[in-house]
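A quick write-up on the structure given underneath.
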Protein chains: 2
Amino acid sequence: MAEVPVFDATAVHAAVDAAGAIERTRLAFDRYARGEWEMPAKVYVGAPPHGDFRAMPARGEGFASLKWVTSFPGNSQRGLPVVTGAVFLSSAETGELLAIMDCASITSLRTGAGAALSAQALATAEAASVGIIGCGVNGAWAARSLAAVGFGPGVCADRRSEAAAGLADELGWVEGTREEAARQDVVVTVTPGEEPVVLASDLRSGQHLAVLGADATGKSEVELAAIQRCRLFCDDWDQASSGGELTAAVAAGIVEPGRVTQLGEVLVGRAQGRSSPEEITLFDSTGLAIQDLGMAIAVYEAWRRGEVDAQLAAL
Amino acid sequence: MAEVPVFDATAVHAAVDAAGAIERTRLAFDRYARGEWEMPAKVYVGAPPHGDFRAMPARGEGFASLKWVTSFPGNSQRGLPVVTGAVFLSSAETGELLAIMDCASITSLRTGAGAALSAQALATAEAASVGIIGCGVNGAWAARSLAAVGFGPGVCADRRSEAAAGLADELGWVEGTREEAARQDVVVTVTPGEEPVVLASDLRSGQHLAVLGADATGKSEVELAAIQRCRLFCDDWDQASSGGELTAAVAAGIVEPGRVTQLGEVLVGRAQGRSSPEEITLFDSTGLAIQDLGMAIAVYEAWRRGEVDAQLAAL
């Protein structure tokens with residue numbers, strides 16, 4: 001009988017801050033690009049008519065993790081979380097189950113960190129101002145992550161004015177319109193993806209876009225005419241081409257595999273990042289199991305170092 | 001913040017006995033055969049040189065489950081469990097995480113129950129005596145499950161005499177040789193699969209074999225000449241043909257898909273089971289995620305009815 005630490009959202013956030021999450025995300029992309037970490041395709045289990053469950057396993061750095069996460073889009077109307085579930089962390093040396101963690105906090109941390117990492121790698125050297133379109137929990141973590149590595153101030157836009165105002169207050173940024181947010185140096189979109197929130201007419205030369213919201217076929221946050229003006233990057237081509245922002249563009253024949261560069265390839269120096277200060281870069285984030293693994297390792301190691309408490313469960 | 005019950009092995013066994021496990025296993029096979037339950041292919045995450053992790057999701061009866069389980073074969077030499085991990089149970093109606101459970105106890109319960117279910121469905125009406133070849137934890141649960149539905153007495157065989165003697169004592173059965181066990185009416189094999197433990201020369205007409213041990217390519221418990229004399233059944237053709245007892249026979253061209261019947265097809269009346277009292281039937285069990293789901297639902301429902309206690313974890 002082992003005692004396994006269980007980390008709720010509060011414990012996860014106490015263990016890893018935005019800057020730490022970015023470093024772990026960088027490590028995950030780097031190691032995966034080098035072939036040192038493994039990530040099978042995520043598995044979907046349909047739960048019609050409500051949504052689906054996703055099983056996302058990964059292995060690296062002597063650990064293995066599995067995230068079990070929902071996407072139940074109608075849940076927000078029912079007052080229930082759209083994204084919920086939990087994460088297992090195991091030793092890849094002994095197989096032992098090491099920890100159980102809240103899923104939504106891990107997901108927000110790594111999603112926000114991915115946006116900031118893409119800006120560090122792909123934005124111009126002068127890029128500073130940020131536009132956040134969609135100020136829910138993942139948009140807020142993208143803003144915090146960007147602020148943690150020196151970007152800002154920013155413009156926060158959301159149909160729900162209180163969400164935008166709350167985030168702006170927290171960071172000392174301002175609330176603004178979608179159009180204002182879409183014209184900043186670094187633009188992050190985290191909306192439900194039901195209609196485009198970045199249009200071709202919004203674009204300025206040298207911008208960097210981090211597109212986080214579209215995570216299933218049929219969802220899109222950037223109109224096709226705008227995608228055509230961007231140099232394209234993604235977290236993982238297999239996921240991005242089958243269920244991300246670029247899916248519709250691939251189907252329309254506008255985007256070919258050779259036109260999209262995986263961020264990890266840039267980080268390890270195997271592919272070129274931004275090629276000029278004028279280029280507009282777009283990073284399509286679908287969310288990777290290796291990112292979850294990176295967060296889970298960070299939480300566990302913080303606990304091992306005594307930096308955070310967790311409830312112990314006999315299992 | 002929700003409080004999620006965490007069930008260790010003791011709580012799992014307090015919640016579900018062998019007879020209950022068989023009824024839940026029957027339900028799982030029945031519903032899956034009718035297309036009401038869903039089970040994507042299990043996902044393997046390699047952890048060389050120690051073994052691998054498997055993510056096994058399923059959905060049915062308003063629930064969804066995910067088992068995260070190791071197979072680290074060398075662990076027994078290190079004094080560590082070969083099979084370890086945990087199970088998530090969620091609501092397929094709301095997505096909410098409902099429970100976390102020990103994995104090895106769920107696995108043993110459903111594996112033993114599967115053997116007993118196959119004997120109920122496929123053995124002759126007169127079959128009574130049982131031979132258990134391999135008296136580890138899964139062999140013991142197969143014996144308990146068969147005893148719970150009226151089979152026995154039996155002969156317990158194991159290279160480790162103390163394992164065979166302990167199981168025989170528990171059930172009022174006897175310890176015997178491999179050859180003696182292999183000649184009983186119902187023969188269960190649960191060995192590491194490194195060499196055949198049922199030979200063609202052991203077979204008697206009318207026997208039923210439940211072959212549980214071979215769960216990966218290269219493993220086999222029944223020699224090919226014996227397989228050729230049997231009418232063949234399996235839990236799931238996709239799993240059985242790619243990583244079960246029948247894999248080598250398929251590769252050798254001895255077994256074709258049309259020759260193997262899924263147990264669920266027999267249970268729902270879409271396929272014939274045993275066709276004569278003389279026929280020898282062989283059930284290849286690879287272990288299905290739907291069986292894990294059936295056990296997990298049973299444990300959770302017992303807790304909801306107040307029949308078993310569980311530790312609560314904030315998550």
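Quick check on my filter: what residues within segment A:260-292 are part of a helix (DSSP H, G or I), within 13 Å of the chain's Cα centre (by Cα) and either of a type outside the set (Val, Ile, Thr) or under 21 Å from A:Ala226 (Cβ atoms) (or both)?
Here is the first cut: in segment A:260-292, the ones part of a helix (DSSP H, G or I) are A:263-267, A:289-292.
Narrowing the set further to residues that are within 13 Å of the chain's Cα centre (by Cα) leaves A:263, A:289-292.
A:Leu263, A:Ala289, A:Gln291, A:Asp292 - these are the residues of segment A:260-292 that are part of a helix (DSSP H, G or I), within 13 Å of the chain's Cα centre (by Cα) and either of a type outside the set (Val, Ile, Thr) or under 21 Å from A:Ala226 (Cβ atoms) (or both).
For segment A:162-183, state whether one or more residues are in contact with a Ser or Thr (Cβ under 7 Å, 6 or more places away or on another chain), within 29 Å of A:Val12 (Cβ to Cβ) and open to solvent by less than 60 Å² (accessible area, probe 1.4 Å).
no
Select from segment A:31-48 the residues that are in contact with a helix residue (DSSP H, G or I) (Cβ under 7 Å, 6 or more places away or on another chain), within 14 Å of A:Ile297 (Cβ to Cβ) and not in a loop (DSSP other than H, G, I, E, B) and list them in ascending order.
Of everything in segment A:31-48, just one residue is in contact with a helix residue (DSSP H, G or I) (Cβ under 7 Å, 6 or more places away or on another chain), within 14 Å of A:Ile297 (Cβ to Cβ) and not in a loop (DSSP other than H, G, I, E, B), namely A:Tyr32.
Taking B:Leu27, is it more than 9 Å from every other protein chain (Cβ to nearest Cβ), closer than 20 Å to A:Leu89 by Cβ, touching a residue at least 60 places away in the same chain (Cβ under 8 Å) and of a type outside the set (S, T, N, Q)? Walk me through it before giving the result.
On the way: more than 9 Å from every other protein chain (Cβ to nearest Cβ): yes; closer than 20 Å to A:Leu89 by Cβ: no; touching a residue at least 60 places away in the same chain (Cβ under 8 Å): yes; of a type outside the set (S, T, N, Q): yes.
Criteria not met by B:Leu27.
In segment A:131-161, which residues are part of a loop (DSSP other than H, G, I, E, B) and surrounded by fewer than 21 Cβ atoms within 10 Å (Cβ to Cβ)? Before you say what the answer is, go through the steps one by one.
Going residue by residue through segment A:131-161, those that are part of a loop (DSSP other than H, G, I, E, B) are A:134-136, A:149-153, A:158-160.
Matches in segment A:131-161: A:Gly136, A:Val149, A:Gly150, A:Gly152, A:Pro153, A:Arg159, A:Arg160.
For residues in segment B:293-312 being open to solvent by 10 Å² or more (accessible area, probe 1.4 Å) and part of a helix (DSSP H, G or I), which is farthest from B:Val190 (Cα to Cα)?
Going through the qualifying residues, I end up with B:Arg304.
Looking only at segment B:30-46, count how many residues are open to solvent by 30 Å² or more (accessible area, probe 1.4 Å) and free of Cβ contacts under 8 Å to residues at least 24 places away in the same chain.
From segment B:30-46, those open to solvent by 30 Å² or more (accessible area, probe 1.4 Å) are B:31-32, B:34-36, B:38, B:41-42, B:44; that's our starting set.
Imposing the further condition that a residue be free of Cβ contacts under 8 Å to residues at least 24 places away in the same chain reduces the set to B:35, B:38, B:44.
Summing the residues that are open to solvent by 30 Å² or more (accessible area, probe 1.4 Å) and free of Cβ contacts under 8 Å to residues at least 24 places away in the same chain in segment B:30-46 gives 3.
Among the residues of segment B:260-287, which ones are surrounded by 19 or more Cβ atoms within 10 Å (Cβ to Cβ), over 20 Å from B:Val187 (Cβ atoms) and polar (S, T, N, Q)?
B:Gln262
The values are calculated or read from the model by the stated rules, or taken from the named source; none is laboratory data. What you see is a predicted model, and the numbers here were worked out from it, not measured in a lab. Using ideal geometry, Cβ is built from the backbone for each residue, glycine included, and neighbour counts are taken over all protein chains shown. Just the protein is used for accessible areas: all its heavy atoms, side chains included, with ligands, DNA and RNA removed. Shrake-Rupley method; radii C 1.70, N 1.55, O 1.52, S 1.80 Å.
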